[in-house]
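*Asks:* Got a structure for you, written out below as structure tokens; questions coming shortly.
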Amino acid sequence: MPEAGTSILLVEDDPGIRESLKDVLEGEGYRVTTAVDGVRAFELGTTEDPDLVVLDVMLPGMDGFEVLRRLREDGVETPVILLTARALERDRVRGLDLGADDYVVKPFALKELLARIRSRLRAWDRERAIERGEAVRIGDLVVDFRARTAARDGEAVHLTPKEYDLLRFLVRNDGRALSRGELLAGVWDDEDVHSRVIDTAILGLRKKIETDPSRPRFLRSVRGLGYRFSRRGGP
């Protein structure tokens, strides 16, 4: 069960989907506020301080991409899961470029959406812990993202600024399989780089965080897609 009072802003103009999801989420213990259009979604997103936003892309008045863009421009860092019928990678990347934390394509399995919500909330808790200056442990490596320091058995481990950015993004997405496009959008933003840069950066990071980089425990390849990071290690 979620922590008491965990709140979700659900933005969906289809009444059947909206009410069904609201009932399920409340049954899971979440406190749910709903909006049926983009203007109301932006208003609630900036005034209600939800713990997470589930945001449909196709909305009347202002689409989900525009709502997301305005929320991020307004300084709202709340995690956002986009719901959409658009399955193309360029649409997923567009959402990530605008600041989305995850992307679920309709029609979706309810269990998958609930799992993604739990995952995003855990990641948000980790992000807030990072902002509070709490160290993150990855095996025997201890990383302080605020101070940008890393150490193993008391010995300093040097990470480049980009490696800190990459590792932070991976920690925020613990357990998720990430495409190279998602990594480029989340870490390199609008820099003009080739996807091969991702592979080079991953190899470099593995040398810093893995005991045996040739047999990685924490940062594994996902065939045909990209990479998955897990602080617990294993597949």
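The values are calculated or read from the model by the stated rules, or taken from the named source; none is laboratory data. Note that this is a predicted model, so its numbers are computed, not measured. Every residue, glycine as well, gets a Cβ built from its backbone with ideal geometry; the counts of neighbours run over all protein chains shown.
*Asks:* Give the number of residues within region 158-185 that are of a type in the set (Gly, Ala, Ser) and buried (at least 21 other Cβ atoms within 10 Å of the Cβ).
*Replies:* Taking region 158-185 and keeping what is of a type in the set (Gly, Ala, Ser), we get 175, 177, 179, 181, 185.
Those still in the list that are buried (at least 21 other Cβ atoms within 10 Å of the Cβ) too: 185.
Counting residues in region 158-185 that are of a type in the set (Gly, Ala, Ser) and buried (at least 21 other Cβ atoms within 10 Å of the Cβ) gives 1.
*Asks:* If you take the residues in region 136-149 that are under 17 Å from Pro161 (Cα atoms) and not in a strand (DSSP E or B), which one is modelled with the highest pLDDT?
*Replies:* Arg148
*Asks:* I would also like to ask the following. Would it be correct to say that Gly233 is out of contact with any Pro (no Cβ under 6 Å at 6 or more places or on another chain), surrounded by 13 or more Cβ atoms within 10 Å (Cβ to Cβ), among the small types (Gly, Ala, Ser) and part of a loop (DSSP other than H, G, I, E, B)?
*Replies:* On the way: out of contact with any Pro (no Cβ under 6 Å at 6 or more places or on another chain): yes; surrounded by 13 or more Cβ atoms within 10 Å (Cβ to Cβ): yes; among the small types (Gly, Ala, Ser): yes; part of a loop (DSSP other than H, G, I, E, B): yes.
Taking the combined requirement at face value, the residue satisfies it.
*Asks:* Would you mention how many residues in region 216-230 are touching a Ser or Thr at 6+ places or on another chain (Cβ under 9 Å), under 26 Å from Ala100 (Cα atoms) and part of a loop (DSSP other than H, G, I, E, B)?
*Replies:* Narrowing region 216-230 to residues touching a Ser or Thr at 6+ places or on another chain (Cβ under 9 Å): 217-220, 222, 225-228.
Then drop every residue that is not under 26 Å from Ala100 (Cα atoms), which leaves 218-220, 222, 225-228.
After this cut, where a residue has to be part of a loop (DSSP other than H, G, I, E, B) as well, the list is 218, 225.
The number of residues fulfilling the criteria is 2.
*Asks:* Please go through region 56-72 and give me each residue that is closer than 25 Å to Pro107 by Cα and buried (at least 20 other Cβ atoms within 10 Å of the Cβ), ordered by number. Steps first, please.
*Replies:* Our first condition is that a residue be closer than 25 Å to Pro107 by Cα; within region 56-72, this holds for 56-69.
Selection gives Asp56, Val57, Leu59, Gly64, Phe65, Val67, Leu68.
*Asks:* Of all residues in region 116-135 being of a type in the set (Gly, Ala, Ser) and in a loop (DSSP other than H, G, I, E, B), which is surrounded by the fewest Cβ atoms within 10 Å (Cβ to Cβ)? Outline the logic, then answer.
*Replies:* Step one: filter region 116-135 for residues of a type in the set (Gly, Ala, Ser), giving 119, 123, 129, 133, 135.
Next, from what is left, pick out any that are in a loop (DSSP other than H, G, I, E, B): 133, 135.
Numbers: Gly133: 10, Ala135: 15.
Result: Gly133.
Matching residues to (1) surrounded by fewer than 20 Cβ atoms within 10 Å (Cβ to Cβ); (2) under 21 Å from Arg126 (Cα atoms):
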| residue | (1), (2) |
| --- | --- |
| Val11 | no, no |
| Tyr30 | no, yes |
| Arg40 | yes, no |
| Leu44 | yes, no |
| Val54 | no, yes |
| Asp74 | yes, no |
| Ile81 | no, yes |
| Glu89 | yes, no |
| Val93 | yes, no |
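*Asks:* I've got another one for you. Report the residue count in region 143-152 for those that are surrounded by 15 or more Cβ atoms within 10 Å (Cβ to Cβ) and either more than 16 Å from Arg231 (Cα to Cα) or in contact with a strand residue (DSSP E or B) (Cβ under 6 Å, 6 or more places away or on another chain) (or both).
*Replies:* Number of matching residues: 4.
*Asks:* Okay, next question. With respect to Glu155, determine if the residue is exposed (fewer than 13 other Cβ atoms within 10 Å of the Cβ), farther than 25 Å from Glu112 by Cα and not polar (S, T, N, Q).
*Replies:* On the way: exposed (fewer than 13 other Cβ atoms within 10 Å of the Cβ): yes; farther than 25 Å from Glu112 by Cα: yes; not polar (S, T, N, Q): yes.
Here the answer is yes, as Glu155 does meet what is asked.
*Asks:* Restricting to region 191-205, count the residues that are of a type outside the set (Lys, Arg) and without any contact (Cβ under 8 Å) to a residue 24 or more places away in the chain. Show your work before the answer.
*Replies:* Applying the first criterion (of a type outside the set (Lys, Arg)) to region 191-205 yields 191-195, 197-205.
Applying the additional criterion that residues be without any contact (Cβ under 8 Å) to a residue 24 or more places away in the chain yields 191-195, 197, 199-200, 203.
The total comes to 9.
*Asks:* If you don't mind, another one. Just wondering, is there one or more residues in region 192-207 that are crowded, with 18+ Cβ neighbours inside 10 Å, farther than 20 Å from Val80 by Cα, touching an Asp or Glu at 6+ places or on another chain (Cβ under 8 Å) and at pLDDT 85 or above?
*Replies:* Yes - at least one qualifying residue is present in region 192-207.
*Asks:* A further question on this structure: Just name the residue that is farthest from Glu182 (Cα to Cα) out of those in region 192-215 that are aliphatic (A, V, I, L, M) and part of a helix (DSSP H, G or I). Walk me through how you get there before you give the answer.
*Replies:* Keep residues of region 192-215 that are aliphatic (A, V, I, L, M), which gives 193, 197-198, 201-203, 205, 209.
Subsequent filtering for residues that are part of a helix (DSSP H, G or I) retains 197-198, 201-203, 205, 209.
Numbers: Val197: 13, Ile198: 10, Ala201: 14, Ile202: 14, Leu203: 17, Leu205: 17, Ile209: 21 Å.
Out of the qualifying residues, it is Ile209.
*Asks:* To continue, here is another question. Could you grab me the full set of residues in region 150-181 that are part of a strand (DSSP E or B) and not charged (D, E, K, R)?
*Replies:* We begin by selecting, within region 150-181, every residue part of a strand (DSSP E or B); these are 150-152, 155-156, 177-179.
Within region 150-181, Ala150, Ala151, Ala156, Ala177, Leu178, Ser179 meet the criteria.
*Asks:* For region 95-115, which positions are surrounded by 16 or more Cβ atoms within 10 Å (Cβ to Cβ) and assigned to a helix (DSSP H, G or I)?
*Replies:* Gly95, Leu96, Asp97, Leu98, Leu113
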